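Written out below as structure tokens is the structure these notes cover.
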Amino acid sequence: MTQPFSLDGRVALITGASSGLGRHFSQVLANAGASVVVGARRSSRLDELVEDIGTAGGEAAAVPLDVTDRDSIGNAFTEAEARFGVVDLVVNNAGVASSGRAEEMPDDDWQVQVDTNLTAVHRVACEAARRLIAAGKPGAIINVASILGLRVAPGTAAYNATKAAVIHLTKTQAVEWAKHGIRVNALCPGYFRTEMNQALLDSPRGGELVNRVPMRRIGRMDELDGPLLLLASEAGSFMTGSALVVDGGHLCSSL
Ligand SMILES: NC(=O)c1ccc[n+]([C@@H]2O[C@H](COP(=O)([O-])OP(=O)(O)OC[C@H]3O[C@@H](n4cnc5c(N)ncnc54)[C@H](OP(=O)(O)O)[C@@H]3O)[C@@H](O)[C@H]2O)c1
């Protein structure tokens, strides 16, 4: 029963692996049997993660990666390939968020979110696809979007817009690459406590937000494991172009 979820023999690259969801995803994929390559800018954190994965019996390597830099993306894939072989599983997870009223948002804030959350997702996925197509190998790409790509909250205009775009981009990539055996799906988490949102969750607004979740709580990281492995593995072999929501019912909360 669990065999279809195995990632034995797979080579995974996870962007934004230095904290939060990306760190957790890296450990989950390694536990399922993948050789994992973890990328982000804060390399000391990646080194700790590689050690933790090794201690748990997994196989991992760290690569320096700034997803807003095209050369850095290419180098990360080249290093990953030299270490473990062609990357056939990508978790496009790196992301940034800032909050504030739309009309007051500095251009720089807008741009960094578009560059990191959208342009980089496109470039990383294309780098993976080009290499898979050249190698004649199938693969899976998971683009991490958000419930804010499907419904809006005020104060995060750029984030909402980039995450909605990632969902549409995912569907386009799925349609274009299906013939090459490359599945592309979006994972849309609700709220999970990380460095990105801890200040919000600890504020009075955070309490109100949790009250609007039908399950009356935020998610635990391990509640993303099944959905992640479904999209990554043969268990999801007929899934492509989907946007998988994991949010305790938050999107269904009453209007
Ligand atoms: N937590 C949630 O509730 C939630 C809900 C929905 C969606 N998400 C999405 O989940 C993803 C992970 O977020 P998180 O909550 O885990 O936040 P986090 O703890 O702040 O992690 C963000 C990660 O992105 C990396 N990153 C940012 N800019 C980068 C760049 N230019 N190049 C490479 N890596 C970069 C950071 O690494 P470095 O700074 O070391 O580079 C860090 O590892 C994001 O896409 C986020 O939008 C989170």
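Ordered from longest to shortest, the equivalent ellipsoid semi-axes for the range 1-75 are 22, 14, 10 Å, each the square root of 5 times a Cα gyration tensor eigenvalue. Here the extension length gained between D69 and A178 equals 36.5 nm, from 0.36 nm per residue of separation less the Cα-Cα distance. Length gained on full extension, E81 to V210: 42.2 nm, using 0.36 nm per residue less the C-alpha separation. Spin-label model, A135/Q111: points 7 Å from Cα along the beta carbon direction are separated by 3.5 nm. Just to confirm the number: angle between the C-alpha axis of helix 43-55 and the first principal axis of the chain, 0 to 90 degrees, nearest 10? The two axes meet at around 60 degrees. Check cross-link reach from K163 to the lysines: straight Cα distance under 20 Å, and skip same-chain residues fewer than eight apart. Leaving aside lysines fewer than 8 places away in the same chain, those within reach of K163 are K171. Ellipticity at 222 nm from helices only: DSSP H runs of n ≥ 4 in the chain, each -39500 (n - 2.57), divided by the residue count, give -12500 deg cm²/dmol. Axis of helix 20-31 versus longest Cα principal axis of the chain: the two differ by about 30°, to the nearest ten degrees. Hull volume per residue, based on the alpha-carbon atoms of the range 114-155 and their convex hull, is 64 Å³. Classify the range 51-132: rounded, prolate or oblate, from the alpha-carbon gyration tensor (a ≥ b ≥ c, eigenvalue square roots; a/c under 1.5 rounded; otherwise prolate if a/b is larger than b/c)? Prolate, because a/c is 1.5 or more and a/b exceeds b/c.
The HN-Hα couplings worked out from phi for the range 225-231 by the Karplus form 6.51 cos²θ - 1.76 cosθ + 1.60 (θ = phi - 60°) are 5, x, x, 4, 5, 4, 6 Hz, whole numbers, x standing for Gly and Pro. The alpha-carbon positions of the chain define a convex hull whose volume is 129 Å³ per residue. Amide H contacts of V90 (H built 1.01 Å from N, in plane; Pro and chain starts excluded): L13, A140, I141, I142 sit under 5 Å, all sequence-distant by 5 or more or on other chains.
The three principal axes of the Cα atoms in the range 1-125 give end-to-end lengths of 50, 29, 29 Å, sorted in falling order.
Where a number appears in this text, it was derived from the coordinates with a stated rule and is not lab data. Keep in mind that what you see is a predicted model, and the values were worked out from it rather than measured. Every residue, glycine as well, gets a Cβ built from its backbone with ideal geometry; the counts of neighbours run over all protein chains shown.
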